[in-house]
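To start, the structure under review is shown below, and the notes come after it.
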Amino acid sequence: MKTLKDLKEIKNITIDRVKRRKDGISPDRAAVRQRTVLICGGTGCTSSDSMKILKAMEQEVKNLGIENDIEIVRTGCFGLCALGPVMIVYPEGAFYSRVKIEDVPDLVKEHLVKGRVLRRLIYQKSIKNDQIKSLTHVDFFNKQYRIALRNCGVIDPENIDEYIALDGYKALAKVLLSITPQEVIDIIKKSGLRGRGGGGFPTGVKWEFASRQQNEQKYIICNADEGDPGAFMDRSILEGDPHSVLEAMAIGGYAIGANQGYIYVRAEYPIAVQRLLIAIHQAREYGLLGQNILGTGFQFDIDVRLGAGAFVCGEETALMNSIEGKRGTPNPKPPFPAVSGLWEKPTVINNVETFASIPQIIVKGAEWFASIGTEKSKGTKVFALGGKIANTGLVEVPMGIKLREVIYEIGGGIPNGKKFKAVQTGGPSGGCITAEHLDSPIDYDTLTSLGSMMGSGGMIVMDEDNCMVDVARFYLDFTRDESCGKCTPCRIGTKRLLEILERITEGKGTLEDLDMLETLSVQIKAASMCGLGQTAPNPVLSTLKYFRDEYLAHVVDKKCPSGVCKSLLQYFIDPEKCKGCSLCAKKCPVSAISGKVKEPHTIDVNVCIKCGLCYENCKFMAISRR
């Protein structure tokens, strides 16, 4: 078991090595390690062979006999996921993107041996006036404020010493040795931290409810069942900084009087699960989990429970049923989990991002956290930027930042010169926000007033080529499929909504269908038992509100303005532009295109299956769809 003195010694031993990754290397330390290479080990980069690149680099360095001069570190996600595999080499801070295994010999010989940046692989936006900019000054990062993601891309997530070096477990030591449980709750309440998993309930208030319950057994649960399409915020934190969640759960256990915690994480996150198990084992070895933590008499342990991927298990009562071994379906509330939760004991459930912020709040103070963000939405929020956006990836920004800043300055705007149409926040539970609201601040109340919600943090950007009716259909298809079926409004209502949307996208809709969509949506929201059903109609209502003209085009004109809904499409060849190259005819899988070489071709609309291959392959832009 480690004492507070032991933790301080570990920090003193490790701090220089870890800080060099950000601060560069001073001359007196150059003899120890000349350069440090950080290689992303998150899911995205790992799927592109980043760990094979790491092994190849270790071997190359060993072959050259310079392994004592080079530190190669596997880290969590850096954030710029679209550029993976990525790595950073310090002290220069050179950010390399889309690295391949065959690039390793050049990288080692040019940069690590000769000290020359390999320009062909450098992220071009990190170069200004022929000088390499610090990554924090690159457009993608310079408006970010990292609290939950503070260690992701910096430390080895499988090395507890590196977490300790950056003030890891300092917050736990502080609360156990000098703060009462009620004072911890007061700090969290004063910070203004709200749950980052969807509803935004005040974290300190939830903790206080549970602390007031008189019961010998209480539980802390981390909800890592991240099921929104396009969301990967929680996964990245667990992969890049698992100890921050463990530390926060222990703090929560101390505050409410719990001695057992569970992390409920979906089995589709194998890297996150593996690193969690490693982190729990290390924390137990150091005596930071288990009995008599830091010699204070406090005991708290954590176990992992794997979810099978049901979206509804993100709802807290369904999640607890799943942990208990029951079918993962929600229960009516009240009673709320803080009163009667897991095995009918008082239980606090927070998501990964919420927990990841807590150690920093304890170390730096409630006033520090509350100074970030807006009056009612304090701190920062992590978003997974996806869709039609130049910089796909993970960002953490202060609450209150404008949507325009996130999409255009951090996200890099819409690719290929396309026009922005909408952004979906909150996943299938949220709604679409249009261009006229781009200057709206990102906070809980504003997003709700616009017909969307904060949700867990998915942010899907759409351009002029997206059909908003099809977007609503996509999300309803998801929620219909994920409905547990326990309550009729959700089980039957989402199915009926989807049937109407499918009729409309097939050109069979009527004006009465639009009225029925609104009526059904309101009823489903009011009568469903849990959050899944209560928010499922949001994409329908928001698209009807802001893009009713597209619905009318589908219903009245029987056309899809964006050219997405196949049943409403027809392909035409312009005889003035067609050169008769026959490429379209060769690509057509059903031989619907005919014509002589060097003469205009035609499409048989009765045979055409509307696959779009002719449209995509025409070099003369002679084919149109409408």
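Which whole-Hz couplings ³J(HN,Hα) result when phi for each residue of the stretch 303-309 is put into the Karplus expression 6.51 cos²θ - 1.76 cosθ + 1.60, θ = phi - 60°, listed in order with x for Gly and Pro?
3J(HN,Hα) across the stretch 303-309, in whole Hz: 10, 9, 10, 8, x, 8, x.
Long-range amide H contacts for VAL154: which residues qualify at under 5 Å (H placed 1.01 Å from N, peptide plane, sequence gap of 5 or more or a different chain)?
GLY76
What is the percent carbon and sulfur in the accessible area of the chain, measuring with a 1.4 Å probe over the protein chains and ignoring ligands?
Here it works out to 50 percent.
Computed over the Cα atoms of the stretch 114-253, what is the ratio Rg over Rh, Rh following Kirkwood?
Over the Cα atoms of the stretch 114-253, Rg/Rh equals 1.07.
In Å², and per residue, what accessible area does the chain have when probed at 1.4 Å with the other protein chains present?
So the chain comes to 41 Å² accessible per residue, rounded to a whole number.
So how do CYS81, CYS152 rank on accessible area, 1.4 Å probe, biggest first, that is with the largest at the start?
Accessible-area ranking of CYS81, CYS152, largest first: CYS81, CYS152.
So what does VAL113 come to for accessible area, using a 1.4 Å probe and Å² rounded to 10?
Roughly 80 Å² of VAL113 is accessible to a 1.4 Å probe.
Pop a pseudo-label 7 angstrom from the Cα along the beta-carbon direction at both GLU183 and GLN59 and give the gap in nm to one decimal.
According to this spin-label approximation, the distance is 5.5 nm.
In terms of solvent-accessible area of protein heavy atoms at a 1.4 angstrom probe, what is the ranking of TRP343, TRP207, TRP368, highest value first?
From most exposed to least exposed: TRP343, TRP368, TRP207.
Over all pairs of distinct alpha carbons, what does the Kirkwood formula give as the hydrodynamic radius of the stretch 416-477, in Å? Write out the running numbers ahead of the final one.
Working: mean 1/r = 0.0840 Å⁻¹.
In the stretch 416-477 this quantity evaluates to 11.9 Å.
Taking the chain as the reference, fit the longest principal axis to its C-alpha atoms, fit the long axis of helix 242-256 to the helix C-alpha atoms, and give the angle between the two in degrees, 0 to 90, nearest 10.
Once rounded, the angle reads 70 degrees.
What's the local net charge at ILE256, with K and R +1, D and E -1, over the other residues with C-beta under 12 Å away?
Here the count lands on +3.
Can you tell me, using C-alpha contacts under 8 Å and at least 6 residues apart, the relative contact order of the stretch 387-484 as a whole percent?
Averaging sequence separation for qualifying contacts and normalising by length gives 31 percent for the stretch 387-484.
Hey, if you put +1 on the Cβ of every Lys and Arg and -1 on every Asp and Glu Cβ in the chain, which of PRO575, VAL522, GLY426 ends up farthest toward the positive end of that dipole?
Result: PRO575.
Quick one: the Cα spread of the chain along its three principal axes, in angstroms, biggest first?
83, 66, 41 Å, listed from the longest principal axis down.
Just read off the accessible area of VAL556 with the full protein assembly in place, 1.4 Å probe, to the nearest 10 Å².
90 Å²
Please report, in debye to the nearest 20, how large the charge dipole of the stretch 201-310 is about its Cα centre when each Lys and Arg carries +1 at its beta carbon and each Asp and Glu carries -1 there.
Roughly 220 debye, rounded to the nearest 20.
May I ask you to derive the relative contact order of the stretch 310-390, considering only C-alpha pairs under 8 Å and at least 6 residues apart, and to give it as an integer percent?
14 percent
Given +1 on the Cβ of Lys and Arg, -1 on the Cβ of Asp and Glu, and no further charges, what dipole in debye does the chain carry about its Cα centre, rounded to the nearest 20?
880 debye
Roughly how big is the stretch 503-626's charge dipole about its Cα centre, with Cβ charges of +1 (Lys, Arg) and -1 (Asp, Glu), in debye to the nearest 20? Intermediate values should be presented prior to the final figure.
Numbers: 18 positive and 13 negative charges, 127 e Å.
About 600 debye.
How much of the DSSP beta bridge set in the chain is antiparallel, as a percent to the nearest 5?
55 percent
Please name which of SER178, ILE10, TRP207 has its Cα lying farthest along the dipole of the chain towards the positive end, using unit charges on Cβ (Lys, Arg +1; Asp, Glu -1) and the Cα centre as origin.
The residue sitting most towards the positive pole is ILE10.
Would you tally the net charge around GLU226, using a Cβ to Cβ cut-off of less than 9 Å, leaving GLU226 out, and scoring K and R as +1, D and E as -1?
-1
How many angstrom lie between the Cα centre of the stretch 185-237 and the Cα centre of the stretch 330-365?
4 Å
Output the relative contact order of the stretch 359-425, whole-number percent, from Cα pairs under 8 angstrom with separation of 6+ residues.
Once divided by the residue count of the stretch 359-425, the mean separation gives 24 percent.
What's the angle, to the nearest 10 degrees (0 to 90), between helix 4-23's Cα axis and the longest principal axis of the chain?
40 degrees
Using Cα centres only, tell me the gap between the stretch 564-585 and the stretch 99-126 in whole Å.
45 Å
As I understand it, the value is the acute angle between the Cα axis of helix 181-191 and the longest principal axis of the Cα atoms of the chain; what does it come to in degrees, rounded to 10?
40 degrees
Note down the net charge around GLN282, summing +1 for each Lys or Arg and -1 for each Asp or Glu among other residues with Cβ under 10 Å from its Cβ.
Neighbour charge sum, excluding GLN282 itself: -2.
The values are calculated or read from the model by the stated rules, or taken from the named source; none is laboratory data. Being a predicted model, the structure only gives us computed values, none of them experimental. When we count neighbours, we look across all protein chains shown, and the Cβ atoms used for this are built from the backbone with ideal geometry, even at glycine. Just so you know, the surface numbers come from the protein's heavy atoms only, side chains and all, with ligands and any DNA or RNA stripped out. Shrake-Rupley method; radii C 1.70, N 1.55, O 1.52, S 1.80 Å.
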